[in-house]
Amino acid sequence: MRSHEPTPTLEFRRPTTGEELIRFEHLKKAFGPKRVYDDLDLTVRAGETLVVIGGSGTGKSVLLKCLIGLLYPDAGRILFQGQDLTRFHEEDFFAVRRHVAMVFQGAALFDSLTVGENVAYPLREHFPELSPQEISRRVAEKLAWVNLPGTEGMMPADLSGGMRKRVGLARAIATDPEVILWDEPTTGLDPITTTNVNAMINSMKQRLGCTSIVVTHDMLSAFAVADRIAMLANRRIVQVGTPDEMRRSTVPEVRAFMDARRGEMEGMEVAS
Ligand SMILES: Nc1ncnc2c1ncn2[C@@H]1O[C@H](COP(=O)(O)OP(=O)(O)OP(=O)(O)O)[C@@H](O)[C@H]1O
């Protein structure tokens, strides 16, 4: 919880591709005795897909949660177009979430609402001025984008896991966010659905021109979508680079992580 000094609400301007959009600076975070970050630095550029890799429990999801105000770091700054989000109160993050949408690990749908009502939910929250016709139009558009046209009247319980995931995505992108956060988007999915999710991440970039941060330990997925890959280990980012730079890395933590996943990587080389 923040102290009650006045904070500005987020001022957003459309970024130019390649400019610095988000910067995590000297971030520290602990849960009791468990130190997650000691001094974490990471920059995200507008229009890129940045994949954050790292072992289990290294703090990949915590990073995304700090960005949308579900958690606060203990020290350091999170700059969004130069505005320090760590000074924002919880209620100020409402404005941030219109521009930064998170696709959760589970689809986290409202089971008592239809598919259409689920996708309409953030639109009603963030754009109360929209007419019911415009909301229906946008819902239909987003469901078509995730290859689920005409499913507005279905209930979440009637959908397969992969379909639920896609409805979750349609809901996350309903407000046309500039930044999409993907938390383990391919975990637990079969290979075909995984390929579809990777294609979706790439197509959102083409369609929305958005910036994505993808948290995963699925290296196939990482290499399929990343412009750059950041490796989290030992409570900090140990290297950021293009997929090729990471493949050729001599940083011990990166090498160890890649070597442990050699099977996956070889599969990828055969497949490509
Ligand atoms: N709300 C919380 N309260 C206490 N500890 C937490 C909380 N959220 C995360 N942690 C701890 O912080 C550490 C980092 O968690 P995080 O979920 O970011 O890991 P991760 O890298 O995403 O792991 P995984 O790949 O297994 O999902 C873990 O040790 C986790 O138990």
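Before we move on, is Lys65 within 16 Å of the chain's Cα centre (by Cα) and within 16 Å of the ligand (Cβ to nearest atom)? Considered against the rule, which asks whether it is within 16 Å of the chain's Cα centre (by Cα) and within 16 Å of the ligand (Cβ to nearest atom), Lys65 comes out as yes. The set of residues in segment 69-109 that are closer than 20 Å to Leu208 by Cα, out of contact with any Gly (no Cβ under 7 Å at 6 or more places or on another chain) and assigned to a strand (DSSP E or B) comprises Phe80, Val100, Ala101, Met102. Considered as a group, the residues in segment 69-78 that are aliphatic (A, V, I, L, M), within 18 Å of Arg236 (Cα to Cα) and surrounded by fewer than 17 Cβ atoms within 10 Å (Cβ to Cβ) include one that is nearest to the ligand (Cβ to nearest atom), and that residue is Leu71.
Residues that are open to solvent by less than 60 Å² (accessible area, probe 1.4 Å) and more than 30 Å from Glu178 (Cα to Cα) within segment 210-255 comprise Ser249, Val251, Glu253, listed in sequence order. Scanning for something charged (D, E, K, R), in a strand (DSSP E or B) and open to solvent by 10 Å² or more (accessible area, probe 1.4 Å), does segment 55-68 turn up at least one residue? Scanning segment 55-68, I find no residue that is charged (D, E, K, R), in a strand (DSSP E or B) and open to solvent by 10 Å² or more (accessible area, probe 1.4 Å), so the answer is no. Somewhere in segment 46-54, is a residue part of a helix (DSSP H, G or I) and closer than 22 Å to Glu11 by Cβ? Among the residues of segment 46-54, not one is part of a helix (DSSP H, G or I) and closer than 22 Å to Glu11 by Cβ, which makes the answer no. Mind checking whether some residue in segment 105-128 is surrounded by fewer than 19 Cβ atoms within 10 Å (Cβ to Cβ), at negative phi and within 15 Å of the ligand (Cβ to nearest atom)? Yes: segment 105-128 contains one or more residues that are surrounded by fewer than 19 Cβ atoms within 10 Å (Cβ to Cβ), at negative phi and within 15 Å of the ligand (Cβ to nearest atom).
Taking every residue in segment 161-186 that is in contact (Cβ under 8 Å) with a residue 24 or more places away in the chain and away from the ligand (no atom under 16 Å from the Cβ) and pairing it with any residue that is among the charged types (D, E, K, R) and part of a helix (DSSP H, G or I), at least 6 positions away or on another chain, the pairs with Cβ-Cβ distances below 6 Å are Ala170/Lys142; Ile173/Lys142; Ala174/Lys142; Thr175/Arg98. Assuming Phe88 fulfils every condition listed in (1) within 17 Å of the chain's Cα centre (by Cα); (2) open to solvent by less than 10 Å² (accessible area, probe 1.4 Å); (3) hydrophobic (A, V, I, L, M, F, W, C) apart from one, which condition is it? If we test Phe88 against (1) within 17 Å of the chain's Cα centre (by Cα); (2) open to solvent by less than 10 Å² (accessible area, probe 1.4 Å); (3) hydrophobic (A, V, I, L, M, F, W, C), just (1) comes out false. Return yes when Val44 is within 14 Å of the ligand (Cβ to nearest atom), open to solvent by less than 30 Å² (accessible area, probe 1.4 Å), aliphatic (A, V, I, L, M) and touching a Ser or Thr at 6+ places or on another chain (Cβ under 7 Å) and no when it is not. For Val44, the condition - within 14 Å of the ligand (Cβ to nearest atom), open to solvent by less than 30 Å² (accessible area, probe 1.4 Å), aliphatic (A, V, I, L, M) and touching a Ser or Thr at 6+ places or on another chain (Cβ under 7 Å) - is not met.
The values are calculated or read from the model by the stated rules, or taken from the named source; none is laboratory data. Every value quoted in this text rests on a predicted model; they were computed, and no experiment measured them. Positions of Cβ are backbone-derived with ideal geometry, glycine not excepted, and every protein chain shown enters the neighbour counts. Remember, those area values only see protein heavy atoms, side chains included, never the ligands or the DNA or RNA. Shrake-Rupley method; radii C 1.70, N 1.55, O 1.52, S 1.80 Å.
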